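Working notes, beginning with the structure itself.
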Amino acid sequence: MTTGGDAPHLSPTLVGRLERLIFGHRTLILALFALGTVLLGATAIRGLRIDTSFNKTLPVRHEYMRTYLDPRFAEFRGANRVLVALIARDGNMFTPQFFAAMRKATDEVIVMYGIDRTQVQSIFTPNVRFLEVVEEGIEAGNVVPADFTPTPESMARVRDNILKAGIVGRLVANDFSGALVSAIVLDTDAQGRPVDPIRVAHELEARVRKPLQRDGIDVHIIGFAKVVGDIADGATSVLMFAVITVVLTLLAVRVYSQSWRVAFVPVLCSVIAVIWQLGALVLLRYGIDPIGLLVPFLIFAIGVSHGVQKISAVSDGAFAGLSSMEAARRTFRQLLAPAIVALLADLVGFVTILLIPVQVIREMAITASIGVAIVILTDLVLLPVLVSYVHFDAGFHDRVARRQRWLARVWHRLAGITRRGPALVVIVLAAMLGVLGWWKGRETPIGDTQAGVPELRADSRYNRDNDVITTKFSIGVDLLTAIADAQQPICVSHELMTWVDRFGWRMRNVVGVQDVVTLPFIAKIAIAGWNEGSLKWRSIPREQTQLTQSTRYIETSTGLLNENCDVVPVLMFLTDHRAGTIERAVAEVKRWRTANPVALAQLRLAAGNVGVMAATNETVKAKELLILGGVFAAVIVMCLLTFHSAVGTLLVVVPLALVSVLLYAVMALVGIGLKVSTLPMVALGAGIGVDYGIYLFSRMEEFLHLGLPVRVCYERTLRVTGASIIFTGITLAIGVATWVFSPLKFQADIGIMLTFMFLVNMLAAIVLLPALAAWLIQPEREHAARTA
């Protein structure tokens with residue numbers, strides 16, 4: 001035997017001590033687990049909360065986020081914005097009913113929890129003003145005057161004021177069918193506590209949509225807080241899918257194990273692990289983010305995956321005539337080492353995503369790591385103890401014997417792939433799939449692949465609201481802000497004003513940029529107004545007093561300048577936040593900035609919600625290979641330490657790498673982008689997927705050490721653990737496949753990814769691993785036999 005080392009093992013003395021410790025104190029262990037489950041379950045019920053915060057989604061170390069979080073630019077962040085649009089169903093906003101509803105919506109938003117009152121804008125707020133030149137000089141005022149009454153004359157006056165203020169497309173619909181209330185959600189409340197976006201979303205529904213969605217008016221609401229609120233509301237469906245997953249898993253395990261008593265053991269242990277995980281989060285004062293709601297599913301899946309391996313070995317022992325206690329103890333000795341390695345591989349998959357410098361992802365990693373640590377306890381301690389009490393009924397032996405006779409024929413045929421010819425075909429097909437997967441996987445975008453919010457279905461209320469607002473208005477919540485940061489007032493510098501203006505003009509001509517608002521653009525309108533509205537005067541004057549005059553009436557509340565006018569934002573409203581749209585806009589900003597340097601000023605990226613998305617996308621892109629490399633490096637090291645064999649490690653890792661490549665191709669085919677919510681799943685899937693190969697090769701190597709041919713070793717391995725590996729892959733895939741029907745799109749996407757990984761990792765381990773062994777191990781054996 002020349003595979004390079006011994007079978008995976010721990011010190012026999014250590015294993016013996018652990019075996020005696022666990023099986024010699026079964027009653028105490030069960031009592032402790034029961035007590036812990038009751039206490040942690042009660043803790044989870046009382047204290048578990050949905051914990052959301054906009055700042056938790058920020059990659060704070062990124063260049064753009066350093067700009068975003070700079071206190072000097074705080075008033076221009078604008079990323080956590082909500083828009084409330086009122087649309088008249090008859091297409092005419094100039095009615096008493098509409099103006100009454102608009103005033104009511106504005107008043108409610110201003111006094112609402114978590115809203116920055118100073119930055120609320122609508123046609124009824126005093127920071128939205130018009131400016132015009134009349135015979136007596138300059139006339140300025142609120143768009144809706146203080147003495148407004150809903151008469152035809154007043155309506156006509158407001159319409160004129162809207163046109164003078166230049167807010168058509170921004171706060172008023174392009175076709176005058178509706179108007180917006182724009183607001184910024186604060187980071188913290190008056191007591192310094194993080195503002196709860198779910199509460200903001202619920203108040204918008206209760207105080208704005210519900211009372212005003214009537215009398216011929218439709219209300220549409222978008223923004224980060226509303227997204228989080230809708231995801232949290234949809235999270236109730238997660239509980240339904242949790243129950244479905246548990247029930248389907250239990251039924252599947254019953255079919256496999258041929259015993260209800262045996263089936264309950266791994267499912268119960270996995271449920272206990274989830275309960276302990278949730279209770280531990282409360283004790284550690286962690287909440288659970290809506291995106292992290294799926295982590296308990298993964299912990300349950302990991303528990304079932306390892307539990308099935310244990311009950312399969314116990315059932316084999318019982319079938320061979322051992323008592324429940326003897327079978328449980330033998331299984332503990334046989335599978336302790338591979339179980340530890342496989343669980344550590346799972347743990348590494350979670351730990352590596354700590355490399356993503358985004359708080360919400362790091363909390364997900366910590367949550368999952370806690371869960372895996374608990375699974376180690378339930379899988380290696382509680383499950384063997386529980387199964388040692390299971391009584392196998394009289395018909396169990398006959399049922400298993402019938403199944404094994406049928407499966408023996410299947411295993412014999414399947415073992416044929418270890419012949420050199422079929423093995424070569426499998427390897428060539430795998431290589432072709434790998435090349436095709438790599439080629440297609442390059443198309444996987446970094447970021448979102450659809451307009452609207454990809455975490456929700458396209459026909460969700462939020463995405464329908466988003467479609468209406470982006471259709472009716474020239475802006476939406478997809479805002480990218482570049483900040484002109486100067487060492488002198490920009491307002492009085494012709495050079496700097498022209499520099500900002502030229503940049504704004506260039507960005508208006510970029511595909512995907514819907515509108516651009518800048519201080520020089522508004523100033524040019526004001527200069528023309530001072531000169532009888534003549535278009536030839538719509539330019540930036542060189543004379544300083546005229547420059548000062550052009551910006552005198554533009555207040556800081558407009559968000560177009562700071563008090564000293566040395567910070568001027570350029571607001572770029574994008575058509576959507578697809579990965580390509582963001583990448584194109586950001587690349588053009590960088591290109592223009594490099595090509596047009598100016599003394600005493602710099603153009604800094606980025607604020608606005610698109611600035612956050614751009615930083616996140618670039619962070620994901622930068623960390624992608626590092627994270628996957630870390631997962632594979634850890635798996636390789638653990639396999640080398642366990643199997644003491646480079647060949648054995650190669651047999652486990654190659655199928656895993658192939659599936660990881662193919663996963664990217666699947667994501668490209670179904671339109672799933674690589675982003676903060678999906679990159680962790682790619683890493684976690686690799687960590688979980690390696691379990692199949694580890695369990696398969698650990699049993700196969702036992703037979704290889706007997707000097708048997710690869711085909712015989714593989715067939716015997718299949719008889720021992722093949723059914724459990726195939727069954728585990730199918731069962732876990734069935735459980736997560738139900739997620740495809742979730743109202744939460746991100747849960748459906750992750751369901752597709754995990755279903756693919758569970759199934760294809762299993763198939764790769766069952767088919768590709770032995771085919772590789774036929775070419776890497778068998779030739780050595782034949783050569784050694786000829787030499788001997």
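With a Förster radius of 51 Å, plug the Cβ-Cβ distance of Asp70 and Arg103 into 1/(1 + (r/R0)^6) and report the FRET value to the nearest 0.05.
My answer for the efficiency is 0.90.
Would you work out if segment 560-604 is rounded, prolate or oblate? Take a ≥ b ≥ c from the square roots of the eigenvalues of the alpha-carbon gyration tensor; rounded if a/c is under 1.5, else prolate when a/b is larger than b/c, oblate otherwise.
Cα axes put segment 560-604 in the oblate bin.
What distance in nm separates the two pseudo spin-label positions at Leu239 and Tyr113, each 7 Å out from Cα along the beta-carbon direction?
Here the answer is 2.0 nm between the modelled labels.
Using a 1.4 Å probe over the heavy atoms of the protein chains, calculate the carbon and sulfur portion of the accessible area of the chain as a whole percent.
61
In a Debye calculation with equal point scatterers on the alpha-carbon sites of segment 47-161 and no solvent, what is log10 I(q)/I(0) at q = 0.10, 0.15 Å⁻¹?
-0.49, -0.87
Determine ³J(HN,Hα), in whole Hz, for all residues of segment 739-750 in sequence, where each value follows from phi through the Karplus function 6.51 cos²θ - 1.76 cosθ + 1.60 and θ = phi - 60°; x replaces Gly and Pro.
5, 4, 8, 5, x, 8, 5, 5, 5, 5, 4, 5
Using packing as a proxy for protection, rank 50-56, 149-155 so that the peptide with the highest average count of other Cβ atoms within 10 Å comes first.
50-56, 149-155
Between Val255 and Glu326, what's the calculated FRET efficiency when r is the beta-carbon distance and R0 is 30 Å? Round to 0.05.
Calculated value: 0.75.
For every other residue with a beta carbon closer than 12 angstrom to the beta carbon of Leu18, add +1 if it is Lys or Arg and -1 if Asp or Glu, then tell me the sum.
Result for the neighbourhood of Leu18: +3.
Just the isolated ones, please: cysteines in the chain lacking another cysteine beta carbon under 4.7 angstrom.
Lacking a cysteine Cβ partner under 4.7 Å: Cys269, Cys639, Cys713.
Distances over 21 Å make up what percent of all Cα-Cα pairs in segment 138-283?
Of all Cα-Cα pairs in segment 138-283, 69 percent lie more than 21 Å apart.
What is the magnitude of the charge dipole of segment 300-450 about its Cα centre, with +1 placed on the Cβ of each Lys and Arg, -1 on the Cβ of each Asp and Glu, and no other charges, expressed in debye to the nearest 20?
My answer is approximately 780 debye.
So for each of 205-218, 720-733 I average, over its residues, the number of other beta carbons within 10 Å; can you give me the resulting order with the highest mean first?
720-733, 205-218
Based on DSSP H runs of at least 4 residues, each adding -39500 (n - 2.57), what is the mean residue ellipticity at 222 nm of the chain after dividing by all its residues, to the nearest 500 deg cm²/dmol?
Calculated mean residue ellipticity at 222 nm is -19500 deg cm²/dmol.
Would you list, by chain and number, the lysines whose Cα falls below 18 Å from the Cα of Lys104, excluding same-chain residues fewer than 8 positions away?
Lys210
Describe numerically, in nm with one decimal, the distance between label points set 7 Å from Cα along Cα→Cβ at Ala206 and at Val425.
Between Ala206 and Val425, the simple spin-label model gives 6.6 nm.
Suppose we take every Cα in segment 317-394 and form the convex hull; what volume per residue is that in Å³?
Per-residue hull volume (Cα only) is 84 Å³.
One quarter of the convex hull surface, Cα atoms only: what value does that give for segment 220-370 in nm²?
In nm², the orientation-averaged hull projection of segment 220-370 is 11.0.
For segment 659-788, compute the orientation-averaged projected area of the C-alpha convex hull (one quarter of its surface), in nm².
Its Cα hull, projected and averaged over all orientations, spans 8.6 nm².
Within segment 349-393, name every residue whose backbone N is under 18 Å away from a label modeled 7 Å from Cα of Ala622 along the Cβ vector.
353-362
May I ask for the distance between the Cα centers of segment 682-721 and segment 373-408, given as a whole number of Å?
Segment 682-721 and segment 373-408 have Cα centres separated by 19 Å.
Rounded if a/c is under 1.5, else prolate if a/b is larger than b/c, else oblate: which is segment 572-662, with a ≥ b ≥ c the root eigenvalues of its Cα gyration tensor?
Verdict is prolate for segment 572-662.
What is the extension gain from Val435 to Glu139, computed as 0.36 nm multiplied by their sequence separation minus the C-alpha to C-alpha distance, in nm to one decimal?
Working it through step by step, the gained length comes to 99.7 nm.
So what's the net charge close to Val172: Lys and Arg +1, Asp and Glu -1, counting the other residues with Cβ under 11 Å from its Cβ?
So the surrounding residues net to +2.
Helix 96-110 sits at what angle to the longest principal axis of the chain, using alpha carbons and giving 0 to 90 degrees rounded to 10?
Tilt of helix 96-110: around 60 degrees.
What do you get for Rg/Rh over segment 687-754 if you use C-alpha atoms and the Kirkwood form of Rh?
Across segment 687-754, the Cα-based Rg/Rh ratio is 1.20.
Quick check on my link table: of Lys623/Lys745; Lys440/Lys745; Lys56/Lys226; Lys472/Lys590, which ones sit more than 19 Å apart, alpha carbon to alpha carbon?
Among Lys623/Lys745; Lys440/Lys745; Lys56/Lys226; Lys472/Lys590, the Cα-Cα distance tops 19 Å for Lys623/Lys745; Lys440/Lys745; Lys472/Lys590.
Between Lys536 and Ser557, what is the label-to-label distance in nm when each label sits 7 Å out along the Cα-to-Cβ direction?
Label at Lys536, label at Ser557, 3.8 nm between them.
Find the percent of Cα-Cα distances in segment 300-360 that exceed 17 Å, and round it to a whole number.
So the pairs more than 17 Å apart make up 51 percent of the total in segment 300-360.
If you fit an axis through the alpha-carbon atoms of helix 359-377 and take the longest principal axis of the Cα set of the chain, what angle between them do you get, 0 to 90°, nearest 10?
So the helix axis and the longest Cα principal axis differ by about 20 degrees.
Any chance you could list P(r) for segment 354-416, counting all Cα-Cα pairs in 10 angstrom bins from zero, rounded to whole %?
All Cα pairs considered, the percentages come to 17, 19, 21, 23, 17, 3.
Could you provide, to the nearest whole Å², the per residue accessible area of the chain with probe 1.4 Å?
Heavy-atom accessible area per residue stands at 40 Å².
Taking Cα centroids, how far is segment 57-129 from segment 483-538 in Å?
23
When the Kirkwood radius is taken over all Cα pairs of the chain, what Stokes-Einstein diffusion coefficient follows at 20 °C and 1.002 mPa s, in µm²/s?
Translational D for this selection: 73 µm²/s.
Using the Karplus equation 6.51 cos²θ - 1.76 cosθ + 1.60 (θ = phi - 60°), what ³J(HN,Hα) coupling, rounded to whole Hz, does each residue of segment 343-353 give in order, writing x for Gly and Pro?
Taking θ as phi minus 60°, the curve returns 5, 5, 5, 4, 5, 4, x, 6, 5, 5, 6 Hz for segment 343-353.
Give me a comma-separated list of calculated 3J(HN,Hα) values for segment 616-623, in order, Karplus coefficients 6.51, -1.76, 1.60 applied at θ = phi - 60°, integers in Hz, x for any Gly or Pro.
Per residue, the Karplus-derived 3J(HN,Hα) values read 5, 4, 5, 5, 4, 4, 6, 9 Hz.
Rank-order 494-506, 358-370 by packing density, defined as the average count of other C-beta atoms within 10 Å over each peptide's residues, highest first.
Sorting 494-506, 358-370 by mean packing, highest first, produces 358-370, 494-506.
Ser324 accessible area, nearest 10 Å², 1.4 Å probe?
We get 20 Å² for Ser324.
Counting Lys and Arg as +1 and Asp and Glu as -1, each charge on the Cβ, what is the dipole of segment 443-499 about the Cα centre in debye, to the nearest 20?
260
Angle between the Cα long axis of helix 152-165 and the longest principal axis of the chain, 0 to 90 degrees, nearest 10?
It works out to around 70 degrees.
Can you tell me the dipole magnitude for the chain around its Cα centre, using point charges on the Cβ only (Lys, Arg +1; Asp, Glu -1), in Debye to the nearest 20?
2620
How would Tyr286, Tyr64 line up by accessible area, probe 1.4 Å, largest first?
The most accessible residue leads, giving Tyr286, Tyr64.
The values are calculated or read from the model by the stated rules, or taken from the named source; none is laboratory data. Values in this document were obtained by computation on a predicted structure and should not be read as measured data. Ideal geometry is used to build each Cβ from the backbone, glycine not excepted, and the neighbour counts take in all protein chains shown. Note: accessible area is taken over every heavy atom of the protein model, side chains too, but ligands, DNA and RNA are not part of it. Shrake-Rupley method; radii C 1.70, N 1.55, O 1.52, S 1.80 Å.
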